[in-house]
Amino acid sequence: MLRVRDAMTREVVTVGPETSVAEAWGLCRERNIRHLPVVEGGRLIGIVSDRNLRDVSPPRATLDQENTLGWVRIRDVMSPEVVTAHPLDTIERAARVIYERRFNCLPIVAEDELVGIITSSDLVRTLVELVGATEIGSWIEVEVPNEPGQLANVTEVIRDRHVNIGGVFLGPASRETYRTIVLRLETTDPTSIAETLTSVGYVVTSTESSTPTERYLERR
């Protein structure tokens, strides 16, 4: 089971409560980050976002811009109520908190110490890796009766075709007594597997080949 520690960023850029908005804004732009945990005496006491910093800034090119950014302190603009996660929390829990609370990140705290941060981008990257989208392959979607043993039966058909399964996802189907199994296959042509599944009585609702995105390949 994936834990937060498997996806979080461990090298966290932080600021103190007395840091100026100008310095914090400079860190956000320099490091290309959107959130800065606020730490004092080794303890997490707040968090500030690039939106918080922008809200403080007067219009550009005004006489007050530089002065305002210099004298306003992070303690004046940070959010002191911080929702955190633990490194051993499941990825599912972290993703649910971020989704339900409409956050963009969660600081990770263990034994009262900030040990990392997990962002919505980290979760998307983890999802991409979980579904095998970093490699060439294909998807096949099968509608099966909502009965025990159906997943094993479907995977047995694929095993007999000597194709590896990169991922399995379950979801509801259009009919109440059925459900959908979506499989990520390590083959670029799922046609023969779809035909075999159809021949033994399953309903194949879709197939699709996929390749890694150019952007992800560039990052690697």
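The values are calculated or read from the model by the stated rules, or taken from the named source; none is laboratory data. Remember, predicted model here, so these are calculated numbers, not experimental data. Please note: Cβ atoms are built from the backbone with ideal geometry, for glycine as well, and neighbour counts cover all protein chains shown.
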Can residue 109 be described as closer than 23 Å to residue 32 by Cα, surrounded by fewer than 16 Cβ atoms within 10 Å (Cβ to Cβ), at pLDDT 95 or above and assigned by TED's automatic domain parsing to the domain that holds residue 46?
no
Please enumerate the residues belonging to segment 22-50 that are of a type in the set (Gly, Ala, Ser) and either surrounded by 15 or more Cβ atoms within 10 Å (Cβ to Cβ) or in a helix (DSSP H, G or I) (or both).
22, 24, 26, 46, 49
Which residues, counting only those in segment 173-220, are in contact with a strand residue (DSSP E or B) (Cβ under 9 Å, 6 or more places away or on another chain), over 11 Å from residue 143 (Cα atoms), at pLDDT 75 or above and hydroxyl-bearing (Ser, Thr, Tyr)?
187, 188, 191, 207, 209
Cβ contacts < 7 Å: first residue touching a residue at least 12 places away in the same chain (Cβ under 8 Å) and more than 14 Å from residue 204 (Cα to Cα), restricted to segment 134-145; second residue surrounded by fewer than 20 Cβ atoms within 10 Å (Cβ to Cβ) and among the aliphatic types (A, V, I, L, M), any location; separation 6+ or different chain. Result?
134/128
For segment 111-140, give me each residue that is acidic (Asp, Glu), closer than 30 Å to residue 191 by Cβ and out of contact with any Asp or Glu (no Cβ under 9 Å at 6 or more places or on another chain).
129
Does any residue of segment 131-140 turn out to be outside any loop (DSSP other than H, G, I, E, B) and surrounded by fewer than 19 Cβ atoms within 10 Å (Cβ to Cβ)?
no
Scanning segment 79-117 for residues that are polar (S, T, N, Q) and assigned to a loop (DSSP other than H, G, I, E, B), which turns out nearest to residue 5 (Cα to Cα)?
84
Extreme residue, farthest from residue 32 (Cα to Cα), among residues of segment 1-21 that are touching a residue at least 12 places away in the same chain (Cβ under 8 Å) and surrounded by fewer than 15 Cβ atoms within 10 Å (Cβ to Cβ):
1
Just to be sure I understand, how many residues within segment 151-176 are farther than 14 Å from residue 203 by Cβ and within 27 Å of the chain's Cα centre (by Cα)?
10
